[in-house]
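Shown next, in structure tokens, is the structure this report addresses.
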Amino acid sequence: MYLVDTNVLIDAHRYHYGFDFHPGFWEWLHHANRQGRVFSVYRVYEEICRQDDRLSAWASDRDNGFFLRLSADIDPYLKRVADFVKSENFKIADVREFIESADYHLITHALCDKLAVVTQEVYRRTKAKIKIPFVCESLNIDCITPFEMLRREKARFVWQPSE
């Protein structure tokens, strides 16, 4: 099962899988979610809905079930992720920014529910910004690209000629 980062949905919308020319990707996400395989977190929903566009409308249509909310059993995992980030000697402002971000919730849900994180972020150990792949690797969370997810799931988007 997978948790999708904000950048996956935004990049898909803007570049790779526009709603106007690649509806199959969005239909596949909906179908995979209904089968209990692909989700995101509510903080991602909030980030997406800052814009008033086709993606925010899509997200609003999927709020129930696609975007997971925090539950009481996640509290120890929130602490574990926060404690890890604090222990890595990042700047206090960067730690604060991370803990207020969707990334923090995405990683915590993945850790709690043993899900893979799907992101466009590239692994980079830097003191400038806390990156999802670095935290995932350090906490033994599977972190993959959206293309890896689609390959693992054997998703197929087949062209059909329009007449």
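Every number in this text was worked out from the coordinates using simple rules, so none of it is lab data. Being a predicted model, the structure only gives us computed values, none of them experimental. Neighbour counts run over all protein chains shown; Cβ positions are idealised from the backbone, glycine included.
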Chymotrypsin sites (Phe, Trp or Tyr not before Pro) in the stretch 1-109 lying in a DSSP loop, each with at most 16 other Cβ atoms within 10 Å of its Cβ, come to 19, 21
Residues meeting the amide H criterion for residue 142 (H placed from the backbone, H to H distance under 5 Å, 5 or more places apart or on another chain) are 117
In sequence order, calculated HN-Hα J values of the stretch 21-28 (Karplus, 6.51, -1.76, 1.60; Hz; x Gly/Pro): 10, 9, x, x, 4, 5, 5, 5
Please report, in debye to the nearest 20, how large the charge dipole of the stretch 2-152 is about its Cα centre when each Lys and Arg carries +1 at its beta carbon and each Asp and Glu carries -1 there. 380 debye
Could you list the trypsin sites (Lys or Arg not before Pro) in the stretch 74-147 that lie in coil according to DSSP, counting only those with at most 14 other Cβ atoms within 10 Å of their Cβ? 91, 114, 124, 125, 127, 129
Projected onto the charge dipole of the stretch 2-152 (unit charges on the beta-carbon of Lys, Arg, Asp and Glu, signs +1, +1, -1, -1), the Cα from 41, 147, 81 with the largest positive-side position is that of 81
Counting only DSSP loop positions in the stretch 1-62, the trypsin sites (Lys or Arg not before Pro) whose Cβ has at most 11 other Cβ atoms within 10 Å are 50
Can you sort 143, 49 by how many other beta carbons sit within 10 Å, fewest first? 49, 143
